[in-house]
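Read through the structure below, which is laid out as structure tokens, and then see the notes.
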Amino acid sequence: MELLTQELRQQLPPLYSQEHVEDPLVICKFFCPWNRWTWFATEFDGEDIFFGLVVGDEVELGYFLLSDLMKPIGPARLQMKRDLHFKPTPLSIVRQQTTRKPVITYIATATENGQGFDFKVLASNARYSHGARRFEDFEEGKQAVEQKYGKVAWVTPWRFQKELTAY
């Protein structure tokens, strides 16, 4: 697939031509199929340099190169793609659609200890650690953990250990 067709080249405004436009149009969208990086082009110099919204580790306006998009080859020889179904869209709408909220995942377990249940949050991608707490009633403990942490994946300790060793 051709990343940038002649038709798109003609539709893309020249670099710096939209500097004073309050809500410029995004003309085309490129994406990397093996990760979450996406490039939304609003301007093009006619040869190699785009300006637009880059959604990667951060979401920011910046320059990116056509030649860089054409280079990478990922797993299974995947290459960068252009979204063939993307229609020109105001930048403000694209920003709203691409704003990512951090997703925090918790893996928790409850083990019966003869006197009640020990609830532990075993792993998380959050930046702080989690302790354990004892409840006599399983449902009460489960509800307390879910109230504090939100969505929790419940696993048995054996399953959790097996999942860890699989990596």
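The values are calculated or read from the model by the stated rules, or taken from the named source; none is laboratory data. Given the structure is predicted, the values throughout are model-derived calculations rather than measurements. In this analysis, Cβ positions are derived from the backbone assuming ideal geometry, glycine residues included, and neighbour counts consider all displayed protein chains.
Computed values, structure above
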{"quantity": "Some residue of the range 26-39 being over 14 Å from the mean Cα position of the chain (by Cα), farther than 20 Å from MET1 by Cβ and modelled with pLDDT of 95 or more", "calculated": "no"}
{"quantity": "Residues within the range 29-48 that are out of contact with any Phe, Trp or Tyr (no Cβ under 9 Å at 6 or more places or on another chain) and either over 15 Å from GLY74 (Cβ atoms) or among the small types (Gly, Ala, Ser) (or both), tallied", "calculated": "3"}
{"quantity": "Candidate set from the range 12-56 (those that are polar (S, T, N, Q) and under 19 Å from MET70 (Cβ atoms)); member that is surrounded by the fewest Cβ atoms within 10 Å (Cβ to Cβ)", "calculated": "ASN35"}
{"quantity": "Qualifying positions in the range 38-54 - within 17 Å of LEU25 (Cβ to Cβ) and hydrophobic (A, V, I, L, M, F, W, C)", "calculated": "TRP39, PHE40, ALA41, PHE44, PHE50, PHE51, LEU53, VAL54"}
{"quantity": "Every pair of residues 6+ apart whose Cβ atoms lie under 8 Å, when the first sits in the range 82-99 and is in contact (Cβ under 8 Å) with a residue 40 or more places away in the chain while the second is hydroxyl-bearing (Ser, Thr, Tyr) and surrounded by 11 or more Cβ atoms within 10 Å (Cβ to Cβ)", "calculated": "LEU91/THR42; THR98/THR38"}
{"quantity": "Scope the range 61-80; condition surrounded by 12 or more Cβ atoms within 10 Å (Cβ to Cβ) and assigned to a loop (DSSP other than H, G, I, E, B); matching residues", "calculated": "PRO72, GLY74, LEU78, MET80"}
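For (1) closer than 18 Å to ASP83 by Cβ; (2) free of Cβ contacts under 8 Å to residues at least 12 places away in the same chain, each residue gets a yes or a no:
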residue: LEU3; (1), (2): yes, no
residue: LEU8; (1), (2): yes, no
residue: SER17; (1), (2): no, no
residue: HIS20; (1), (2): no, yes
residue: ASP23; (1), (2): no, no
residue: LYS29; (1), (2): yes, no
residue: THR38; (1), (2): yes, no
residue: GLY46; (1), (2): no, no
residue: GLU60; (1), (2): no, yes
